[in-house]
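Engineer: Below are the structure tokens for one structure; questions will follow.
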Amino acid sequence: MTSSNAPHPMHPFRSPRRAPLWIMLACLVGAGLPGHPLIGQTPWPPVATFSILGFDPATGEVGGAVQSRVFSVGNGVLWAEAGVGAAATQAIVDVSYGPQALTLLRQGMRPADVVRQIWERDPDPRPADWTKQGRQFAVIDAQGNVAAFTGPKATEWAGDKQGKFCTAQGNILASEEVVSAMVRAFENTEGHLSLRLLAALEAGQQAGGDKRGMQSAAMLIVRKDGGVWLHNDVVLRLQVDDHPEPIRELRRLVEKAATQRRPRSRE
């Protein structure tokens, strides 16, 4: 199933207004910093992002990976808890969607109901320039059930696609083929969950990816006591914060981690 905002061409950002010279100069300086608020309540520039959430029934690991044209995308998009599930919140972001999703999953709620409840209860505090109609987020539980939402005002092309134990979503993408390619790559790649998530990002980028370019990438995978040391549920937490080829650098880190990982199976 694929959802898209294609029938809704409305842009979620207000038209610029004339401003005093010092404000215009500040905006020119800030414009070179993707994701940087220009001044006061002026909306941030649109940021293109694509992500995938996935589950491995053989190990019980769950997590996600993301790439974006923004500095340090790992700082807020991916959320995961061992034995509970994972979430990705992007586009017109309300970061609180991540912790809210994990709380509801922990209570036994299905991903589809989690998505519906969080969005319906969003008070939409900034409808003029940061509307909930533009939010995009996805949820996967500890059994691999998935759900996603792409708001009608998410910047085009924006949409999501679900597959077996995975969901891919993105905004300001080259086309729908980006998320379709991500799902195919995840389903057809063998090996550790990190390699399958990485293959999905690579396929998405190869399909045209982010129309604004690349800057950062991240990956988060969890499993109860699945990490190194004692009482560590984090199997892998990787961030490439600023790089001309962030997915390529993420692959280097994933492959480095693989050389140090002991074989594990679901207990």
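The values are calculated or read from the model by the stated rules, or taken from the named source; none is laboratory data. Keep in mind that this is a model prediction, so the values were computed, not measured. No Cβ is skipped: glycine too gets one built from the backbone with ideal geometry, and neighbour counts run over all protein chains shown. Remember, those area values only see protein heavy atoms, side chains included, never the ligands or the DNA or RNA. Shrake-Rupley method; radii C 1.70, N 1.55, O 1.52, S 1.80 Å.
Engineer: Scan the range 104-121 and report the pairs whose first residue is assigned to a helix (DSSP H, G or I) and whose second residue is surrounded by 14 or more Cβ atoms within 10 Å (Cβ to Cβ) and among the basic types (K, R), with Cβ atoms within less than 6 Å and a gap of 6+ or a chain change.
Structural biologist: Pairs found: none.
Engineer: Could you check the range 220-258 and list, in sequence order, the residues that are under 18 Å from E61 (Cβ atoms) and part of a loop (DSSP other than H, G, I, E, B)?
Structural biologist: Passing the criteria: R223, K224, D225, G226, G227, V228, W229, H231, N232, D233.
Engineer: Turning to a different aspect of this structure: Could you tell me whether any residue of the range 210-217 is within 25 Å of A112 (Cα to Cα) and open to solvent by 20 Å² or more (accessible area, probe 1.4 Å)?
Structural biologist: No, because not a single residue in the range 210-217 is within 25 Å of A112 (Cα to Cα) and open to solvent by 20 Å² or more (accessible area, probe 1.4 Å).
Engineer: What single numbered condition from (1) among the polar types (S, T, N, Q); (2) closer than 17 Å to G204 by Cα; (3) surrounded by fewer than 17 Cβ atoms within 10 Å (Cβ to Cβ) fails to hold for Q143?
Structural biologist: Condition not satisfied by Q143: (2).
Engineer: Using the structure shown, decide if G83 is at pLDDT below 90 and surrounded by fewer than 24 Cβ atoms within 10 Å (Cβ to Cβ).
Structural biologist: In short, no.
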